[in-house]
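Input: a single structure, listed below in structure tokens.
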Amino acid sequence: MSVKIRLTRIGRIHRPFYRIGVYDSRTARDGKALEYVGHYDPVGTTAEPVRVDIERVQAWIAKGAEVTDQVGRLLKGAGVPTSKRVRNTTRNKAHAEKRKTSRAAKKTAKKTAKKTTKKS
């Protein structure tokens, strides 16, 4: 069973309100949730537009639940790490630094090659 953390739309016409819930991936958009872990109010009628139970979200992610793109953006704004890429920042920083230095070396080599061809 694949589990996803995704949005369910509730509310009126032209006044959307979403619940953030944990669902079996085969469940319909407005189907029964395994658990509701928060809500999102895009219109801004509540004091806080995004409210999330961070401990429950992290528990579901630890169990293997996948987060949809939109919920991932909302959770990132709330300060919840949602993927291995976010959690493993030290390795990513080292990899990015290595790429940056190799690109800079290629650029300088290209510039020196252009200068030598112009002089000739």
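A short reminder: the numbers here are calculations on the coordinates, not readings from a lab. No experiment lies behind these values; they were computed from the predicted model shown. Positions of Cβ are generated from backbone atoms using ideal geometry, with glycine treated the same way; all protein chains shown enter the neighbour counts.
The figures follow:
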quantity	calculated
Qualifying aspartates and glutamates (Cα of each under 18 Å from Cα of Lys4; at least 8 residues distant if same chain)	Asp24, Asp30, Glu35, Asp53, Glu55, Glu66, Asp69
Between helix 69-78 and the chain: long-axis angle, C-alpha atoms, 0 to 90°, nearest 10	90 degrees
Rg/Rg_ref, the chain, where Rg_ref = 2.2 N^0.38 Å and atoms are Cα	1.66
Cα gyration tensor shape of the stretch 9-65, rounded if a/c is under 1.5, else prolate or oblate by comparing a/b with b/c	oblate
Highest to lowest packing among 40-51, 55-66, scored as the average C-beta count within 10 Å	55-66, 40-51
